[in-house]
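The structure under discussion appears below in the form of structure tokens.
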Amino acid sequence: MSAASQVAAVPSAGQPSLKTFKRIVIKVGSSLLVDRGQGGVKRAWLESLGQDIADLHRQGADVLVVSSGAIALGRTVLGLPERELKLEDSQAAAAIGQIALARIWAEVLADRKLTAGQILVTLGDTEERQRYLNARATIGRLLDLRAVPVINENDTVATNEIRYGDNDRLAARVATMASADLLILLSDVQGLYTAPPAENPTAELIPVVSRVDAAIEAMAGGAASRHSRGGMRTKIEAAKIATAGGTHMIITDGRVEHPVSRLNEGAPCTWFLTGSNPVTARKKWIAGSLEPRGALHVDAGAAQAIANGKSLLPAGVTRVEGSFTSGDCVLIRDFRATEIGRGLVAYDASDAVLIAGRNSQDISGLLGTPGRAVIIHRDDMVLARDRIAAWEPDADGKS
Ligand code: GLU
């Protein structure tokens with residue numbers, strides 16, 4: 001999928017412009033979306049956010065929403081008590097609330113001529129490479145089709161052992177998975193303060209955090225409100241995940257109407273800056289931390305094509321070496337067996353052997369099931385000539 005390829009210029013604090021960002025994830029917490037008294041959705045507020053999303057989309061940005069609210073909506077329908085829910089009750093509440101949540105998002109976006117696509121993820125979808133690549137491909141396709149993915153944890157099957165639990169970290173995982181260049185956490189606070197503001201009236205808002213270090217973590221405190229699981233601590237965890245993946249992050253107060261467009265008017269917030277960008281961070285990960293499990297030998301035409309920035313197609317593969325599974329890192333070798341690149345392969349070795357040298361249209365006939373047209377996508381590939389650069393520390397000294 002196409003990804004933001006440059007570090008967007010981060011404006012000075014107080015006058016941010018979101019126009020430079022190409023792919024933006026907006027995280028909406030339950031306490032913003034769900035009226036605590038009524039138990040329904042705060043429709044007028046959501047309409048205003050829908051307008052902000054439509055504006056960003058019209059300016060050309062890809063927009064993804066990570067929306068909480070399933071459990072909060074479902075518990076009202078079921079009349080469940082306000083105290084912490086038992087696991088099976090929260091799973092049941094989520095099953096009921098998620099339908100309503102998806103419908104409301106679809107309506108609000110459709111009113112603005114946008115198409116919503118629901119994605120429910122479980123922990124493994126971002127933590128296991130094969131599933132990660134699968135979810136990433138789906139998100140990529142939805143964005144290519146100019147849809148707005150609306151994402152939540154699949155709370156009906158999540159258990160305490162296998163869950164993110166809070167949508168702050170889920171949103172950060174989604175942002176890096178989607179190679180987003182900006183993540184906006186809409187919260188019930190204006191940003192990160194030097195101390196928890198409820199306890200300390202002299203606490204000051206920090207406009208820019210250029211690196212999440214121990215001092216920043218110490219400022220986070222731990223509180224979470226009754227409706228949302230994440231407190232400031234999970235937001236700082238989210239900032240660590242996002243910035244390591246090349247995504248800038250903003251925390252801002254979402255309790256006002258048009259919470260995103262207000263950022264362009266200087267609404268208070270905290271920026272967490274990354275010294276990288278999603279493409280570089282991802283290529284660094286592929287180049288540096290994965291053990292190759294095999295190799296694809298390619299012909300001269302394919303070697304030239306990938307040198308020109310194209311994906312590797314099965315047609316260009318002359319030989320398959322090693323026993324790998326889809327999602328593994330494999331080397332790409334030219335006809336002299338010289339390594340010209342490496343990347344995450346979309347097929348198991350046994351299937352790669354069957355489709356090597358064949359046209360992508362034939363994949364379905366050869367494997368008996370439709371498969372991906374490319375064997376290594378260009379976004380999942382690092383060329384040998386770029387590997388040194390991918391290994392080098394960033395300009396600011398971070399590795
Ligand atoms: N996924 C949960 C829900 O939709 C919310 C988790 C959170 O509040 O961070 O109800």
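The values are calculated or read from the model by the stated rules, or taken from the named source; none is laboratory data. Since this is a predicted model, take the numbers as computed values, not measurements. For neighbour counting, all protein chains shown are included, and Cβ atoms are generated from backbone atoms with ideal geometry for every residue, glycine included.
Any chance you could count how many residues in the stretch 169-188 are within 11 Å of the ligand (Cβ to nearest atom), touching a strand residue (DSSP E or B) at 6+ places or on another chain (Cβ under 6 Å), closer than 25 Å to Ala95 by Cβ and not small (Gly, Ala, Ser)?
The qualifying residues number 1.
Starting from the stretch 145-167, keep only residues that are at positive phi, then list their pairs with residues that are in a loop (DSSP other than H, G, I, E, B) and within 14 Å of the ligand (Cβ to nearest atom) whose Cβ atoms are within a distance under 6 Å, requiring at least 6 positions of separation or different chains.
As it stands, the answer is Gly165/Arg229, since those pairs meet every condition given.
Can you work out which of the residues in the stretch 189-204 that are away from the ligand (no atom under 15 Å from the Cβ) and under 25 Å from Ser48 (Cα atoms) is surrounded by the most Cβ atoms within 10 Å (Cβ to Cβ)?
Of everything passing the filter in the stretch 189-204, Leu192 is surrounded by the most Cβ atoms within 10 Å (Cβ to Cβ).
Condition check: among the β-branched types (Val, Ile, Thr), surrounded by fewer than 19 Cβ atoms within 10 Å (Cβ to Cβ) and within 16 Å of the ligand (Cβ to nearest atom). Does Val157 satisfy that?
yes
How do the pairs read when you match residues in the stretch 59-79 that are under 23 Å from Gly37 (Cα atoms) and among the polar types (S, T, N, Q) with residues anywhere that are more than 9 Å from the ligand (Cβ to nearest atom) and part of a loop (DSSP other than H, G, I, E, B), using Cβ under 9 Å and keeping only pairs 6 or more apart or on different chains?
As it stands, the answer is Thr76/Gln38; Thr76/Gly39; Thr76/Gly40, since those pairs meet every condition given.
Evaluate the stretch 161-172: report whether one residue or more is among the polar types (S, T, N, Q), within 23 Å of Ser31 (Cα to Cα) and exposed (fewer than 15 other Cβ atoms within 10 Å of the Cβ).
Looking for residues that are among the polar types (S, T, N, Q), within 23 Å of Ser31 (Cα to Cα) and exposed (fewer than 15 other Cβ atoms within 10 Å of the Cβ), one finds none in the stretch 161-172, hence no.
With closer than 17 Å to Pro149 by Cβ, within 16 Å of the ligand (Cβ to nearest atom) and in contact with a Ser or Thr (Cβ under 7 Å, 6 or more places away or on another chain) as the only criterion, which of Val65, Val121, Val28 stands out?
Val28
May I ask you to say which residue of Val34, Val10 is touching a Leu at 6+ places or on another chain (Cβ under 7 Å), modelled with pLDDT under 95 and either over 27 Å from Ala244 (Cα atoms) or within 16 Å of the ligand (Cβ to nearest atom) (or both)?
Val34
Give me the strands (runs of 3 or more DSSP E) completely within the stretch 236-307, filtered to those with at least 1 residues that are under 18 Å from Ile206 (Cα atoms), ordered by residue number.
Fully inside the stretch 236-307 and qualifying: 248-253, 269-272.
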